[in-house]
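The block underneath contains the structure these notes are about, expressed in structure tokens.
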Amino acid sequence: MGLFIVLGVTLGSIFPELFKTLSEFQFAQVNIVVAVLIWLMIYPMMIQVDFGAIKNIRKNPKGLVVTLVVNWLVKPFTMAALGILFFDYLFSNWVSPQLAIQYIAGMILLGVAPCTAMVFVWSHLVKGDATYTLVQVALNDLILLFAFAPLAGFLLGVSRIAVPWETLLFSVGLYVFIPLVAGYATRRLANSQGAVESIVVKLKPLSIFGLLATVTILFGFQAPTILSKPFLILLIAIPLLVQSYGIFAIAYLWAWKWKLPFSVAAPAALIGTSNFFELAVAVAIGLFGLDSGASLATVVGVLVEVPVMLSLVRLANKTRRLFEAASKHVIVGSVAK
């Protein structure tokens, strides 16, 4: 993905008029190019979501509690608080009040958009429990459908940011509801023919293309700002890094304290940390425009996300033995009793 970030910035600096033209393809404040690419990326992922797996929620309830509490009761509020702390106070000498509000808005949108599409990747890299991951994604997507708009609207309002509710709700419908329903319908049809895995495999290249093309386009749009104001990019990245590592620590240590098996604890913490950056970027563009500070903040979120998540995957795999030792202690203690 790093190569496509560089490619986007390079193309955006060489062909600024091309990206300006692409930015003008809009309908109802939604950029059509970005919408199509995000759809290509999300739809194949949504086919993998098995809502029938929700009935297995009782098998790993603690892991789900960790992820859902962190995703919906901790992460959005800490992200908003960090945005206000850094841009209203710590960075106030370097950022104007008008831009500060925009960056805070972008951070809030990242904070209220928990990961869905990349969940399976992070879980696979730590050899996570596949059943747990499916249950978590299905439940999280249902909550996202109903909670994203109210929570985003509330936090943006508290942060003194005007909220165009029509655009916010339209974005949720476009990027969450429609792909979710389309994925569910496709899965039901494929299940009746025993072809779910075959369809997922066939559409996977489409999803990867959508992801890489989205990244290229987004960084192409923001290339002038990224190249002319690298210090500004660093300022935005700092609170995002604090948030990511802080949230992972909360979720991972909580899972360890609860003596969850590593195959549940690691995905729970990683899923709680990761963002549905595609949704955050798309909503930021719809609410504030392609050239806004909010859109820039969400794009920096993309820049930060992958290396941070890979570092956390590495950390989780290196600390696997701590959970294995805890599990052995529990088993020995139970036998002794």
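The values are calculated or read from the model by the stated rules, or taken from the named source; none is laboratory data. Predicted model only: the values in this text are computed from it and were never measured. Positions of Cβ are generated from backbone atoms using ideal geometry, with glycine treated the same way; all protein chains shown enter the neighbour counts. We work out accessible area using only protein heavy atoms, side chains counted, and drop any ligands, DNA or RNA first. Shrake-Rupley method; radii C 1.70, N 1.55, O 1.52, S 1.80 Å.
A few remarks follow.
- Filter result (closer than 25 Å to P97 by Cα, open to solvent by less than 10 Å² (accessible area, probe 1.4 Å) and either among the charged types (D, E, K, R) or touching a Gly at 6+ places or on another chain (Cβ under 9 Å) (or both)) within the range 268-292: F277, A280, V281, A284
- Of all residues in the range 145-181, those being under 20 Å from M41 (Cα atoms) and at pLDDT below 90 number 13.
- Leading residue by the ranking (least open to solvent (accessible area, probe 1.4 Å)) among those in the range 65-82 that are at pLDDT 95 or above and more than 17 Å from the chain's Cα centre (by Cα): L82
- For first residues located in the range 217-241 and at pLDDT 90 or above and of a type in the set (D, E, K, R), partners that are crowded, with 19+ Cβ neighbours inside 10 Å and not in a loop (DSSP other than H, G, I, E, B) and lie 6+ apart or on another chain with Cβ distances below 9 Å do not occur.
- Of residues in the range 40-58 being open to solvent by 10 Å² or more (accessible area, probe 1.4 Å) and touching a Phe, Trp or Tyr at 6+ places or on another chain (Cβ under 8 Å), the one modelled with the lowest pLDDT: F51
- Filter result for E305 (surrounded by 13 or more Cβ atoms within 10 Å (Cβ to Cβ), at pLDDT below 85 and either in contact with a helix residue (DSSP H, G or I) (Cβ under 9 Å, 6 or more places away or on another chain) or not in a helix (DSSP H, G or I) (or both)): no
- Residues that are open to solvent by 10 Å² or more (accessible area, probe 1.4 Å) and in contact with a helix residue (DSSP H, G or I) (Cβ under 7 Å, 6 or more places away or on another chain) within the range 249-267 comprise I250, Y252, W254, W256, W258, K259, L260, P261, F262, listed in sequence order.
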